[in-house]
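Quick note: the coordinates plus some simple rules give every number you see, no bench work behind them. This one's a predicted model, so the numbers in the text were calculated from it and none came from an experiment. All Cβ positions, glycine included, derive from the backbone under ideal geometry; neighbour counts span all protein chains shown.
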Amino acid sequence: MSLDYTYRIQAPHRPGSLALVTGAIGEGEGLIGDVTTLNVGRDASIREITIEVTDHAHAGRVADHINTLDGAEVLWYRDRALIKHEGGKLTVEPRHPVRTVQDMRDVYTPGVARACTAIKDDPSQARRLTMIGRSVAICTNGTRVLGLGDIGPLASMPVMEGKAVFYRQLAGISAIPILIDTKKPDEFVETVKRIASGFGGIHLEDISAPECFEIEARLIEELPMPVMHDDVHGTAVVGVAAAIVACRNAGLKLNEQVVGQIGLGAAGYGLAALMVDAGVHRVIASDPNEASHERARNKGIEICPNLDTLMAEADVVIATTGVPGLIKPESVREGQVILALTNPRPEIEVDDALAAGAAFAADGTSVNNVLGYPGVFRGALLARAKSINKEMKLAAAETLADLTAESELVPDALDENVHQRVAEAVRAAAVESGAAQLDQAPAGL
């Protein structure tokens, strides 16, 4: 996986100097990104240049190339991602700054006592008078983090902070990472139950399968609030939206096709299950782990004996295996839709799938669950939903598909309007399906 490094470079301030620097970067096989001028002096200028490299050793070789230039010097170079993470990505700030004694009386003593009494008399008022109505706990034990595997809860914190950043920026929700240092489902569930009253919803993240399924099911059963494992359902929402759009681009209707799911881990099972909920004609799946088969069959997913059978029968193929190159071009049928979603290298390259006859092919670069969870949870909180049901997830997927531009697979993940529209659709689906509790106090969003 490539890395982005920022280099602070001082070079002579004369014609052609920057060209020499960029030439040296090219000789070092670095790929130039952003260039920012920090200072222009009479004799020298200082710029920060972002350069894509393969690893830290490669970053050092690029620096050496630049330092060979007469008068040029790399003042420092650092991994850009680590720079962005310094001090963390989150902070807690008041909604109403306290600037006067009256402000202090309102938000703290003696005014705070009246809010406490109001909540004691009517616990539902906590959603209106505190942050609970617009907050989510992001709970993890770090047993399956991105492509890194079991790295533990502490090392998973940057991912949880990242999730929280998008909650705030895209949906106006305050999300707090909760790191739970246990691999035992009983302990995990009990911990979440004990902290749950301080939040409006529970977002489960990066928990290994099959424990993640047990943990989610128990928390849904035992907590009176929306609980969702994002790796299962957030990915499914965006994946189904992408499949709808892919079929549309191929002149097909998703619900009339045979959908083949390769891989039945958290993401794969979630995708196949939501396809069943969407009324797809037939959903088949392949996974070498027989422990995943019973769960799939109970959901109405057919298990194929092998990958070749799935490729021969499926009209739409979705792969979430983590195995690059798993799908061979010779197994692709004419007219198939192929979504190979493993990052950074997919199960089959898009160009190879298209050359083999696929009607449409895409990889996982744009199918990011950040398109799903902010709007889904905002909609659930607005509706005071007691759970996140299939109707709410399908409403989110269909809205994302409707908002996708003609030349794209999914909408822009950073478009706040997209998340607002998803939230509105999820809220409406919660009301229509009976999951909403509109007789309760408003969420305060």
Can you tell me what the convex hull of the Cα atoms of the range 302-383 projects to on average, as an area in nm²? 6.7
Inter-label distance for T365 and K184, nm, one decimal - labels placed 7 Å from Cα along Cα-to-Cβ: 4.6
Quick one: compute the contact order of the range 3-85, relative version, from alpha carbon pairs under 8 angstrom and 6+ residues apart, as a percent. 45
The range 59-159: which trypsin sites (Lys or Arg not before Pro) are DSSP loop and have at most 10 other beta-carbon atoms within 10 angstrom? R95, R99
Any aspartates and glutamates whose Cα falls less than 14 Å from that of K328, other than same-chain ones fewer than 8 residues away, would be D308, E347, E349, D351, D352
Filtered GluC sites (Glu not before Pro), the range 207-280: DSSP coil and at most 11 other beta carbons within 10 Å: none
Relative contact order of the chain, pairs being alpha-carbon contacts under 8 Å that are 6 or more residues apart, as %: 12
Where the centre of each part is set by its Cα atoms, how far does the range 230-274 sit from the range 310-348, in angstrom? 13
Extreme residue, positive dipole direction of the range 3-136, given options L3, V112, L90 (C-beta unit charges): V112
Hey, got the Cα dimensions of the range 132-229 along the principal axes, in Å, largest first? 30, 28, 17
Dipole-positive endmost among A241, P123, V136 within the range 96-241 (Cβ charges, Cα centre): P123
Rounded Å value of the spacing that divides the Cα centres of the range 109-135 and the range 37-55: 52
Checking the range 269-334 for GluC sites (Glu not before Pro) in a loop per DSSP with at most 11 other beta-carbon atoms within 10 Å yields E334
In the chain, which whole DSSP H runs stretch at least 24 Å along their own axis (Cα) and average 0.5 or higher on the Kyte-Doolittle scale? 230-249
Just how large is the dipole of the chain about the Cα centre, in debye to the nearest 20, putting +1 at every Lys and Arg Cβ and -1 at every Asp and Glu Cβ? 1740
Computed curve, the chain, Cα-only Debye sum without solvent term, log₁₀ I(q)/I(0) at 0.13 Å⁻¹, is -1.17
May I ask for the distance between the Cα centers of the range 358-421 and the range 182-196, given as a whole number of Å? 29
Lysines with Cα under 22 Å of K193, excluding same-chain neighbours fewer than 8 positions away: K120, K163, K183, K184, K386
Most to least packed among 264-275, 169-180 [average Cβ atoms within 10 Å]: 264-275, 169-180
If packing is taken as the average count of other Cβ atoms within 10 Å, what order do 382-394, 46-58 fall into, highest mean first? 382-394, 46-58
